[in-house]
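See structure below.
The values are calculated or read from the model by the stated rules, or taken from the named source; none is laboratory data. Bear in mind that the values here come from a model prediction, so they are computed numbers and not experimental data. Reconstructed Cβ throughout: ideal geometry from the backbone, glycine too, with neighbour counts over all protein chains shown.
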Amino acid sequence: MSTARDRILARVRSGLGTRAGEVPDRPVRSPAPLARPVHDRVTDFRQRAESLQSTVDHVDEMDAVPLAVARYLAGLPPVTNGMVVWPELAALDWAGAGLAVEARSALSADQVGITGVCCAIAETGTLLLDSGPGHSATASLLPETHIAVVPVAVILERMEEAFAQVLARRGELPRAVNFISGPSRTADIEQTIVIGAHGPRRVHIVLVG
Amino acid sequence: MDATSHSFKRNVHARLGDEALQANLRRFGGGFADRRRDAVGRVDDFEALRDRASEIRAEVLTHLDHWLLAFEAEATRRGTAVHWAETGAEANQILLGIARAAGVQRVIKSKSMVSEESGLNAVLGAAGIEVTETDLGEYILQLADEPPSHIIAPAIHKSRDEVSALFAEHHGTPLTRDIPALCEEARQHLRPRFLQADMGVSGGNFLIAETGSVAIVTNEGNGRMVTTLPRVHVAITGIEKVLPTLDDLSAILRVLPRSATGQDITNYVSVLTGTRDAGADDGPEQNHVILVDNGRSRLLGGALHDALRCIRCGACMNHCPVYQNIGGHAYGWVYPGPIGAILTPAFLGLEKALDLPQASTLCAACEVVCPVRIPLPELMRTLREQEMEQGLRPWHERLSIRLWRWLALHPALYAVATRWGIRVLRWLAGKDGQVHRLPGLDGWTEGRDMPAPQGSTFRDQWRTQLAAREAQGKARAAATPVAMAAAGAARSKAP
């Protein structure tokens with residue numbers, strides 16, 4: 001009995017004149033052109049992230065991150081509910097900065113999610129977060145405020161390099177590769193852009209190094 | 001979805017007379033074109049990006065069978081179940097089967113135009129499964145029980161007051177004119193639904209063959225919730241959406257958001273592969289992809305082949321003067337605007353959407369902005385030709401074209417007919433020089449006056465001017481030797 005799959009493939013092949021097992025010869029291409037040239041990865045990343053309504057801070061070393069985060073949070077309404085952090089960042093001295101963080105994935109009521117990144121992209125001011133053990137995808141999604149810690153060394157020029165980076169590090173793609181470019185938004189009512197749709201209302205980036 | 005594309009003219013009539021809709025179209029329609037223009041203006045060489053995107057999409061289609069199988073093999077290896085559906089109805093049954101087997105009670109959806117093709121929500125609802133649309137526009141329309149009127153801004157035809165009235169009715173909240181407050185209300189209302197659902201249904205902007213992934217492009221974050229929180233995720237998408245590699249995806253993403261909303265990149269691009277990572281505590285336990293044909297395979301290798309390059313950005317409708325005036329619902333099926341004028345007859349059958357390929361002035365604005373260079377006006381012209389060849393146009397239209405052809409092939413008669421035609425039109429126009437009503441062609445004069453012809457026919461004018469020019473030429477030729485002789489005399493007088 002032929003299946004829907006067989007019938008669809010048969011129609012595709014009869015339309016195209018292709019045969020089963022035929023492997024297309026793709027032309028070898030130079031890398032795709034960038035939409036906007038990248039002159040300086042850190043400067044361009046910062047400027048483009050800010051144009052996407054992310055806020056950006058820059059500190060010299062990892063040890064300075066908790067105080068930078070505390071400084072940022074001081075300008076927001078007080079955090080009364082949970083503040084979660086990716087386990088790989090839990091060893092920083094958060095308590096010393098007066099912050100009570102928990103190393104776990106986020107629940108809907110949590111107010112702040114602090115994450116690392118796999119890499120970042122200067123062409124568009126984008127963060128790349130890979131899923132996996134300790135890399136809770138909910139930390140950058142459910143809380144109102146997402147804070148991402150980005151070592152400047154992981155800022156790459158373009159998306160192609162970011163994919164290559166993930167593959168190099170993980171061997172194959174993890175369940176989710178999430179490119180994040182600013183706080184969630186919608187323009188579904190009267191084409192008016194409103195920041196803070198279903199995801200975070202704020203994305204704050206702390207550059208390190 | 002039930003189509004009303006066969007009664008396009010009646011649909012248009014109703015929409016043109018709908019003052020509220022007309023006001024909304026005027027107020028919100030232009031924003032997309034302005035934003036796209038600004039986004040393209042920030043790019044060094046947008047044409048080069050379009051070239052690359054078009055090449056990739058064209059290449060995939062020439063060996064679609066290979067790329068689909070490559071996708072299937074890799075997705076399966078990563079633990080995604082790949083299903084094939086010949087029709088929308090089949091896709092619904094597959095999805096229902098998955099839901100039943102997994103004991104699903106509540107489904108949350110992010111935007112999927114293919115699920116609009118198949119009418120998925122009604123089928124799930126009839127099976128006693130609660131479905132909630134979570135894209136803000138789609139949620140508004142679910143409350144209003146209306147189909148989307150735009151492929152990326154589904155509720156663009158609604159004003160804030162209409163949205164507010166819907167929310168008041170369904171949420172029991174007071175009316176407001178504050179748009180951020182309305183968005184906040186939807187956020188508060190939908191958050192628990194995200195957390196309670198046991199199945200998430202999404203579309204799929206692209207399928208990546210080399211990694212077996214589904215790529216989803218969103219702004220609100222609902223797409224991420226739908227694919228992260230419930231224990232089952234099902235992506236439902238068309239068979240033409242494959243891209244060979246992640247590099248191809250990167251290249252296409254340089255044109256898609258810029259052409260759609262005028263963003264350099266959307267807030268979220270999620271590339272999803274397989275099920276929950278070992279040792280992770282979020283992500284679905286089951287992941288499915290339903291590949292839907294529903295008329296697509298028939299187009300391959302045929303006259304409409306290039307329409308399958310479409311990446312669903314909506315730029316063609318955002319720049320279409322016809323869409324801007326009638327809105328998306330008038331087109332009567334899932335896809336409005338120029339691409340809808342091609343896909344609707346292509347998927348449903350030409351006889352079910354006869355007037356859609358005619359719903360264009362062929363101004364070609366759509367072709368100029370299409371990020372994958374689909375020759376939209378040419379495809380509409382092809383469909384018009386097919387309608388004529390298959391005898392699908394109304395008898396009076398066919399008769400008048402035949403009459404005109406006969407006349408045009410008899411130049412002497414044509415000259416007489418046009419000379420008399422001018423007189424008749426002038427007589428019909430009367431004193432103000434405007435024809436208000438053309439007997440037999442009332443449709444044309446119903447909404448506009450036609451200025452009466454002035455002067456003589458083109459052919460008469462041509463003949464008169466030619467004669468005048470010849471006479472002038474002769475006169476000049478006659479005058480020239482005299483002038484030269486005079487000049488010669490002047491020179492000889494010089495010292």
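For the range B:144-161, check the following and say yes or no: at least one residue is closer than 30 Å to B:A85 by Cβ and in a helix (DSSP H, G or I).
yes
If you scan the range A:128-153, which residues turn out to be buried (at least 20 other Cβ atoms within 10 Å of the Cβ) and in contact with a His (Cβ under 9 Å, 6 or more places away or on another chain)?
A:L129, A:A139, A:S140, A:L141, A:T145, A:H146, A:I147, A:A148
Please specify each residue of the range B:216-251 satisfying the condition of being of a type in the set (A, V, I, L, M) and more than 9 Å from chain A (Cβ to nearest Cβ). Outline the logic, then answer.
Going through the range B:216-251, the residues of a type in the set (A, V, I, L, M) turn out to be B:216-217, B:225-226, B:229, B:232, B:234-236, B:239, B:242-243, B:246, B:249, B:251.
Correct list: B:I216, B:V217, B:V226, B:V232, B:V234, B:A235, B:I236, B:V242, B:L243.
Can we say B:R276 is among the charged types (D, E, K, R) and surrounded by 24 or more Cβ atoms within 10 Å (Cβ to Cβ)? Give the derivation first.
Working: among the charged types (D, E, K, R): yes; surrounded by 24 or more Cβ atoms within 10 Å (Cβ to Cβ): no.
No, not satisfied.
I'm told A:G113 meets every condition in (1) over 17 Å from A:G209 (Cα atoms); (2) assigned to a loop (DSSP other than H, G, I, E, B); (3) touching a residue at least 24 places away in the same chain (Cβ under 8 Å) except one. Can you identify the failing condition by its number?
Here A:G113 clears every test but (2).
Please give the number of the condition B:A359 fails out of (1) part of a helix (DSSP H, G or I); (2) surrounded by 15 or more Cβ atoms within 10 Å (Cβ to Cβ).
Condition not satisfied by B:A359: (1).
Being among the charged types (D, E, K, R) and surrounded by 14 or more Cβ atoms within 10 Å (Cβ to Cβ) is the filter here, so list the residues in the range B:382-418 that pass it. Full working, then the answer.
Taking the range B:382-418 as the starting set, the residues that turn out to be among the charged types (D, E, K, R) are B:384-385, B:387, B:389, B:393, B:397-398, B:402, B:405.
Listed by number, the residues that qualify are B:R384, B:E387, B:R393, B:R398.
Which one of B:L182, B:L136, B:L141 is within 13 Å of another protein chain (Cβ to nearest Cβ), modelled with pLDDT of 95 or more, under 24 Å from B:L16 (Cβ atoms) and buried (at least 19 other Cβ atoms within 10 Å of the Cβ)?
Working: B:L182 fails: under 24 Å from B:L16 (Cβ atoms); B:L136 fails: under 24 Å from B:L16 (Cβ atoms).
The match here is B:L141.
Would you point out the residue of the range A:135-147, among those that are within 11 Å of another protein chain (Cβ to nearest Cβ) and not in a loop (DSSP other than H, G, I, E, B), that is farthest from A:A176 (Cα to Cα)?
Start the filter on the range A:135-147 by keeping residues that are within 11 Å of another protein chain (Cβ to nearest Cβ), which leaves A:135-142, A:144, A:146.
Of the ones still in play, those that are also not in a loop (DSSP other than H, G, I, E, B) are A:135, A:138-140, A:146.
Numbers: A:H135: 10, A:T138: 11, A:A139: 13, A:S140: 12, A:H146: 18 Å.
By that ranking, first place goes to A:H146.
Mind checking whether some residue in the range B:65-86 is closer than 30 Å to A:Q191 by Cβ and small (G, A, S)? Explain how you work it out, then say what you get.
Initial filter on the range B:65-86 (closer than 30 Å to A:Q191 by Cβ): none.
No - not one qualifying residue is present in the range B:65-86.
The conditions are (1) more than 7 Å from chain B (Cβ to nearest Cβ); (2) part of a helix (DSSP H, G or I), and A:V150 fails exactly one of them. Which is it?
(2)
Do you know which of the residues in the range B:267-302 that are of a type in the set (S, T, N, Q) and more than 7 Å from every other protein chain (Cβ to nearest Cβ) is nearest to the chain's Cα centre (by Cα)? Reasoning before the result, please.
Pass one, the range B:267-302, residues of a type in the set (S, T, N, Q): B:267, B:270, B:273, B:275, B:286-287, B:294, B:297.
Next cut, more than 7 Å from every other protein chain (Cβ to nearest Cβ) only: B:286-287, B:294.
Values: B:Q286: 33, B:N287: 30, B:N294: 18 Å.
Once the filter is applied, the top-ranked residue is B:N294.
What is the residue count in the range B:94-105 for residues that are free of Cβ contacts under 8 Å to residues at least 24 places away in the same chain and within 16 Å of B:A235 (Cα to Cα)?
1
When the residues of the range A:1-53 are filtered to those that are among the hydrophobic types (A, V, I, L, M, F, W, C), without any contact (Cβ under 8 Å) to a residue 40 or more places away in the chain and assigned to a loop (DSSP other than H, G, I, E, B), which remaining residue is farthest from the other protein chains (Cβ to nearest Cβ)?
Initially, the range A:1-53 is screened for residues among the hydrophobic types (A, V, I, L, M, F, W, C), giving A:1, A:4, A:8-10, A:12, A:16, A:20, A:23, A:28, A:32, A:34-35, A:38, A:42, A:45, A:49, A:52.
Next cut, without any contact (Cβ under 8 Å) to a residue 40 or more places away in the chain only: A:1, A:4, A:8-10, A:12, A:16, A:20, A:23, A:28.
With the extra rule that they be assigned to a loop (DSSP other than H, G, I, E, B), the set shrinks to A:1, A:20, A:23, A:28.
On the way: A:M1: 14, A:A20: 7, A:V23: 6, A:V28: 12 Å.
Going through the qualifying residues, I end up with A:M1.
Tell me, which residue of the range B:207-257 that is polar (S, T, N, Q) and in a strand (DSSP E or B) is surrounded by the fewest Cβ atoms within 10 Å (Cβ to Cβ)? Even if it seems obvious, please write down each step before you answer.
Taking the range B:207-257 first, the residues polar (S, T, N, Q) are B:211, B:213, B:218-219, B:222, B:227-228, B:237, B:245, B:250.
Checking the rest, the ones that are also in a strand (DSSP E or B) come to B:213, B:218, B:237.
Numbers: B:S213: 29, B:T218: 27, B:T237: 24.
For the range B:207-257, the residue satisfying everything is B:T237.
With respect to B:V114, determine if the residue is under 13 Å from B:G238 (Cα atoms), among the hydrophobic types (A, V, I, L, M, F, W, C) and more than 10 Å from every other protein chain (Cβ to nearest Cβ). Let's see the steps before the verdict.
Details: under 13 Å from B:G238 (Cα atoms): yes; among the hydrophobic types (A, V, I, L, M, F, W, C): yes; more than 10 Å from every other protein chain (Cβ to nearest Cβ): yes.
So B:V114 fits the description; yes.
Kindly evaluate B:A91 against the criterion of being in contact with a strand residue (DSSP E or B) (Cβ under 7 Å, 6 or more places away or on another chain) and in contact (Cβ under 8 Å) with a residue 12 or more places away in the chain. If you could, list the steps in order and put the result at the bottom.
Working: in contact with a strand residue (DSSP E or B) (Cβ under 7 Å, 6 or more places away or on another chain): yes; in contact (Cβ under 8 Å) with a residue 12 or more places away in the chain: yes.
Spelling it out, B:A91 is indeed in contact with a strand residue (DSSP E or B) (Cβ under 7 Å, 6 or more places away or on another chain) and in contact (Cβ under 8 Å) with a residue 12 or more places away in the chain.
Taking the condition out of contact with any His (no Cβ under 8 Å at 6 or more places or on another chain) and of a type outside the set (S, T, N, Q), does A:I180 pass?
Values: out of contact with any His (no Cβ under 8 Å at 6 or more places or on another chain): no; of a type outside the set (S, T, N, Q): yes.
When the stated conditions are applied, A:I180 does not pass them.
Which one of these does B:D198 not meet: (1) in the same structural domain as B:K109 (by TED's automatic domain parsing); (2) surrounded by 24 or more Cβ atoms within 10 Å (Cβ to Cβ)?
For B:D198, the exception is condition (2).
Checking the conditions here, which among A:I193, A:I205, A:I155, A:I189 is away from chain B (no Cβ under 12 Å) and touching a Lys or Arg at 6+ places or on another chain (Cβ under 7 Å)?
Numbers: A:I193 fails: away from chain B (no Cβ under 12 Å); A:I205 fails: touching a Lys or Arg at 6+ places or on another chain (Cβ under 7 Å); A:I189 fails: away from chain B (no Cβ under 12 Å).
Exactly one residue qualifies, and that residue is A:I155.
When you look at A:G132, is it under 30 Å from B:V163 (Cβ atoms) and facing chain B (nearest Cβ under 7 Å), yes or no?
On the way: under 30 Å from B:V163 (Cβ atoms): no; facing chain B (nearest Cβ under 7 Å): yes.
Spelling it out, it is not the case that A:G132 is under 30 Å from B:V163 (Cβ atoms) and facing chain B (nearest Cβ under 7 Å).
Find the residue count for the range B:42-74, including only residues that are modelled with pLDDT under 95 and within 15 Å of B:L291 (Cβ to Cβ).
Adding up the residues that qualify gives 0.
Counting just the residues of the range B:191-204 that are touching a Ser or Thr at 6+ places or on another chain (Cβ under 8 Å) and in contact (Cβ under 8 Å) with a residue 60 or more places away in the chain, which one comes out nearest to the other protein chains (Cβ to nearest Cβ)?
B:F194
For the range A:163-171, check the following and say yes or no: at least one residue is over 11 Å from the mean Cα position of the chain (by Cα), under 16 Å from B:T273 (Cβ atoms), surrounded by fewer than 24 Cβ atoms within 10 Å (Cβ to Cβ) and more than 13 Å from chain B (Cβ to nearest Cβ).
Scanning the range A:163-171 turns up at least one residue that is over 11 Å from the mean Cα position of the chain (by Cα), under 16 Å from B:T273 (Cβ atoms), surrounded by fewer than 24 Cβ atoms within 10 Å (Cβ to Cβ) and more than 13 Å from chain B (Cβ to nearest Cβ).
Quick check on A:G82: is it surrounded by fewer than 17 Cβ atoms within 10 Å (Cβ to Cβ), more than 30 Å from B:V255 (Cα to Cα) and either in contact with a helix residue (DSSP H, G or I) (Cβ under 6 Å, 6 or more places away or on another chain) or not basic (K, R) (or both)? Please lay out each step first, then the result.
Values: surrounded by fewer than 17 Cβ atoms within 10 Å (Cβ to Cβ): no; more than 30 Å from B:V255 (Cα to Cα): yes; either in contact with a helix residue (DSSP H, G or I) (Cβ under 6 Å, 6 or more places away or on another chain) or not basic (K, R) (or both): yes.
Taking the combined requirement at face value, the residue does not satisfy it.
For the range A:85-116, which residues satisfy the criterion of being charged (D, E, K, R) and in contact with a helix residue (DSSP H, G or I) (Cβ under 9 Å, 6 or more places away or on another chain)? Reasoning before the result, please.
Taking the range A:85-116 and keeping what is charged (D, E, K, R), we get A:88, A:93, A:102, A:104, A:110.
Matches in the range A:85-116: A:D93, A:R104, A:D110.
For the range B:58-86, how many residues are more than 10 Å from chain A (Cβ to nearest Cβ) and surrounded by fewer than 23 Cβ atoms within 10 Å (Cβ to Cβ)?
Adding up the residues that qualify gives 4.
Identify, by number, the condition in (1) under 21 Å from B:E285 (Cβ atoms); (2) over 23 Å from the mean Cα position of the chain (by Cα) that B:K109 doesn't meet.
With respect to (1) under 21 Å from B:E285 (Cβ atoms); (2) over 23 Å from the mean Cα position of the chain (by Cα), B:K109 is out only on (2).
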